[in-house]
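Here's the structure we're looking at; comments come further down.
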Amino acid sequence: MGSVFDRLSVVVARQSRSIPTLVLGLAAFLIFYRLGAPSLWLDEAAAPLNASLPVSAILELSQSLEEHPPLFYLLLKAFLTLGKNDFIVRLLPALAGLGCVALVMAVGTRLFSRPVGLAAAALWLAMPQDLWLSRMARPYSLWLFFYLCALYFLAGFLKDGRLRSIWGLLASAALMVATHYLSFPLLAAMGCCLLLVPPLARPRSRMPAVLLYAAGCAGITAAAYFGLIRASQTPALIAASDETMADAARAVGEALLGVLYLFEIPLARLLVALAAGLGFWALLRADRRSFTLLAILTLVPLGLLVALGKATGLYARHLSGLGIPIALAMASGLGCLPRLSPRLPAVTVAVLALAALGPLLWHRDRFYAVGSYQVPIIGNNYKLAAAGIAGLFGPATVVSFGNAFYGNVVSWYLAQSPRPNAVDNPGLTPDDRTATLLFAAGGHWGYLAESADDFDARIGRGAVRHQIETSTVLALSVPRDPVRRIPALPGRAGLPMGYRDFFATANIARGVRHHQNARGPAIIPIQNDAQGQVRAVFALNAPPEPQEIRINVLFDNTGQDNTLAALVRFDDEPPTSHPLSTGYDATHQRQIALRRDAPYTTLTVDLLLRATSRTPTLAGGSQETLRLTGLEAFFCPARDAAACLDSAERHLTASLLANYLEERFSPTTDATQAGLPAERDNIATVPDSRLGEWSARTPADPSRPGVIRLTLATSRDRLSFFPRVGQDGMVRIWATHPNGGRRLLFALQNLTDRWTPISARYEFIVPDWLKDQEAVVDLELTGRWSQVWTLGDALLF
C-alpha cells in the first residue's frame, strides 16, 4: 500500500503545477453545478425580497428591523439586474465562495508554503459547510471572503512587518463588519495576533501596527454602531441572548461541531476533530509561532462568546470563520510530518476526491435537489408551492396567502411563471360570473384560519384541498354578483371585507389580494410599486330624486409615499378624482361627499392602491403597509338628508372602533362582556379620548403601574380587548392560578415612537384552568403611553 501511495505521490509531484487548477476547477464545479435547483429556504428567501427594495429602503431596513448590515443586499441588488431566477440570486455568494478557495490557498502559501496552501484549500472545500454556504443566498460566503482578505493582509504583515498591510487589513475589516456583525470577535482575534505574534521582519513595527489597528477598529465600530446598529434590532437581540457561561459553552460547542462537519454524522465529526487536534499538536511541536497564530484565531472568538454569554441562536454558519484556521492547522500539521511533507500534493488530491464524493454521492440530496435547503419545521418548499399554484391558476382566479412572508416568497416564484400569472393577472372583471379563489398557506396559517378544517368552518365548505409538501392550497369556487343594488332611499351598501364575500361582490378586483392580520381583514396590492384596483358599482333602483351621497373609505396606510385614490363616476360621465391618502397616514378613514341632482342609473367607485417600496418590512415587501379595510356608500334623499348623513358619520366612527367591519375569528355582533372591573388602582380616564361610548383608561401616576382587577367567568377559548400603547408603553394581563400563583396571559410592549391604532383588537388564549369558574384577572398598564379602551365598563369581550 505504501509503495502504491509512493508511486502516486511521484505522479502527482510531476503534475504539481496543475493542482491549483484542479482545486479551483473542482471547487467551481461543486459550487455552480445545479446552483439554481434547490428552492430558496426561509432565511435565504429574504435576500432577493430585501435586495429588490430601493437603496434607501435597504439602508433603513438594516437601521431598523434587520439584524444584518446592508452590504450583502446592496451587492445582490446589482446582481438582480441580470435576472430573477435562483441561479442569479445565488451567483454573488457562489463567486465569493470560489474566491474563498483561492484565498485559502493564498493565505496558506503566505503563512507556510505553496503545498500547505493547496492542501488547506482542499481541506476547507471538503468541510461540507463551506460548500453549503457558497451555494446559499446569505451573506456568509461574502463575509468569509472579506475575512480571508483580512487574513491575507495579516499574514503579509507578520511576514514583512510593513504597515501598508495594516491598511489593507482595516479595509477588509470594514467590509467584514458591513457584511455581518459577528465580525467583531474575529477582529478581536486578529488584534491579539498582532499583539502576541511579532513580524519576522521589522519587529519594531509591531506596536505601531497594534495602535493603528486598534484606532482603525475603534473607528469602524463607532461608524457601525452609530450608523447602523444603535437603531436596529441588534441591541435587543444581544440583550435577549444573555445566558450563563455553561449554556453559552454548550451552544458554542454544538455550533463548532457543525463547523467540523455540517451534517450530524458523529464519526465524521470525530475524524475531523482528531485530524484538527493532530494538526495543532504537530504544529505546536514544530512551529510554535504558527501554532500561536492559528490557536488565537480559533480560540479567541469562541472564548469571547462564552465569556460574554452571548450564544443564543448560534449556528454553525455563525462560526464558519473558524473553519479557516482549522483547515490551515490540519494542512500545516501534515506539512510538519517528515514522511508526509513530500507527499502533501498527493494528500491534496486524495482530499479533493473526498471533497467531491461528499456532495455528489453521500450528501447529494442536501446540495443539488429542489428540497435540499428546506427546513420543514419552520419553512416551506416555496418553489414547489409556486409551481403547484401556477398549475391551478386560470381565468378569474385570485390567489391569497395566510402568511405575508410566505406569500411574498411564493409570489417571487410566481412572477417567473408564464404570463398571465398570479402576480400580474387581470383579476376579476364584471363579466366573470364565478371567481376561483386560491388560498395558500405554509407551515404557519396566519389569521384567516388555523387549518384546512377551520377554513371550511369559517369560510364555508366546498374548498378543494391540494397538498404540496408542507403547503396547502384551498381552491374555492364563488358565484359573483358584482353590482350592489339600492332598492330605496335612504339606502346603504358597501363591499364586505370577508374573504369570500369581497370577491363575490367586487365589480373589478385587479392586482389585489385578500390579507388578514390581527386587526382584521383587508385588501392589499399584490406587488410593490404596481397599482391595484378595486371597483364597486352601485345600481340605483329607487325613483330618481336629488341626493346627498357619502362614501366612507376605511384603510391603513403606514408606508411612506403609499397612495390611495378614488375615481367616482355616474353612468358614463367623466370620472372625478379624489385623492384619499398618502402615507404615512394616521387617520385610517376618508369620506367623499357628493351632491347629485340629475337622475342616474349607476354610481361607480374605483379605488386605486399603490404601495411603494420605501417602507421595508420583515415580510419582504411593503404591500401590507397599505390595506383597504372598508368601503360603504350612503344614499340620502336631499329632501330629508339629516338622519341619513348622521348615520354615515356614525358608521364611519363605529367602523373604526369595530376594527374595520369584521373582527378576527368572531362575528361583529359578538360583544358579550366576559367580565366587569371590580377594583381599580392608579387608573384614570384619558381626557378628550372618547369616541361614542368608548373611552380610554391610563395610569393616573405614570411612575407606577395602573391595575384594573376583574372577576372573570368564561367558557371561551379566547378573549379579546382593545389596548393601545405608545413608545415604551406596556399592557399585561395576569391571572391567579388555583394554586395561588400569578400567570401571565398576555403582554404587549411598544418599542417604536408611534402609537398602535385605537381600534386594534388583540386576543389571548384562555387556559383550561381558567374556564368555567370565577377567577381574578389583573390588567396592568405600565408607562405614560399605555391605554386600554373600554365600552362603558366592559373591558374583555
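Structure notes:
- Looking at L65, L40, just one residue is open to solvent by 10 Å² or more (accessible area, probe 1.4 Å), among the hydrophobic types (A, V, I, L, M, F, W, C) and outside any helix (DSSP H, G or I), and that residue is L65.
- Residue in the stretch 285-307 that is of a type in the set (K, R), open to solvent by 20 Å² or more (accessible area, probe 1.4 Å), modelled with pLDDT under 95 and in contact with a Phe, Trp or Tyr (Cβ under 8 Å, 6 or more places away or on another chain) present: no
- Scanning the stretch 396-417 for residues that are out of contact with any Phe, Trp or Tyr (no Cβ under 6 Å at 6 or more places or on another chain), modelled with pLDDT under 90 and either open to solvent by 50 Å² or more (accessible area, probe 1.4 Å) or part of a loop (DSSP other than H, G, I, E, B) (or both) yields N403, A415, Q416, S417.
- Only listed residue being on the phi < 0 side of the Ramachandran plot, assigned to a helix (DSSP H, G or I) and of a type in the set (D, E, K, R), chosen from R339, R343: R343
- Residue match in the stretch 418-430 (condition: open to solvent by 10 Å² or more (accessible area, probe 1.4 Å), modelled with pLDDT of 90 or more and farther than 18 Å from T472 by Cα): yes
- Selection of the stretch 431-473 for residues being open to solvent by less than 10 Å² (accessible area, probe 1.4 Å) and outside any loop (DSSP other than H, G, I, E, B) yields A435, L437, L438, F439, A440, A441, F455, S471, V473.
- Matching residues in the stretch 571-617 - criterion: being without any contact (Cβ under 8 Å) to a residue 60 or more places away in the chain, open to solvent by 60 Å² or more (accessible area, probe 1.4 Å) and not in a loop (DSSP other than H, G, I, E, B): T576, S577, P579, T582, R590, A593, R595
- Among the residues listed as L75, L82, L91, the single one being more than 22 Å from the chain's Cα centre (by Cα) and of a type outside the set (V, I, T): L82
- The residue list L170, L196 contains one member that is open to solvent by 20 Å² or more (accessible area, probe 1.4 Å) and either within 22 Å of V306 (Cβ to Cβ) or of a type in the set (A, V, I, L, M) (or both), which is L196.
- The stretch 763-797, residues that are part of a strand (DSSP E or B), open to solvent by less than 40 Å² (accessible area, probe 1.4 Å) and of a type in the set (A, V, I, L, M, F, W, C): F764, A775, V777, L779, L781, V788, W789, A794, L796
- Just one of the numbered conditions (1) closer than 23 Å to K383 by Cβ; (2) assigned to a helix (DSSP H, G or I) is not true of C100: (1).
- Here the helices (runs of 4 or more DSSP H) wholly within the stretch 145-240 that include at least 2 residues being more than 24 Å from L319 (Cβ to Cβ) are 164-177, 206-224.
- Odd one out for A633, checked against (1) surrounded by fewer than 21 Cβ atoms within 10 Å (Cβ to Cβ); (2) assigned to a strand (DSSP E or B): (1)
The values are calculated or read from the model by the stated rules, or taken from the named source; none is laboratory data. Note that this is a predicted model, so its numbers are computed, not measured. Counting neighbours? That spans all protein chains shown, and the Cβs are built from the backbone with ideal geometry, glycine included. With ligands, DNA and RNA removed, areas are computed over all heavy atoms of the protein, side chains included. Shrake-Rupley method; radii C 1.70, N 1.55, O 1.52, S 1.80 Å.
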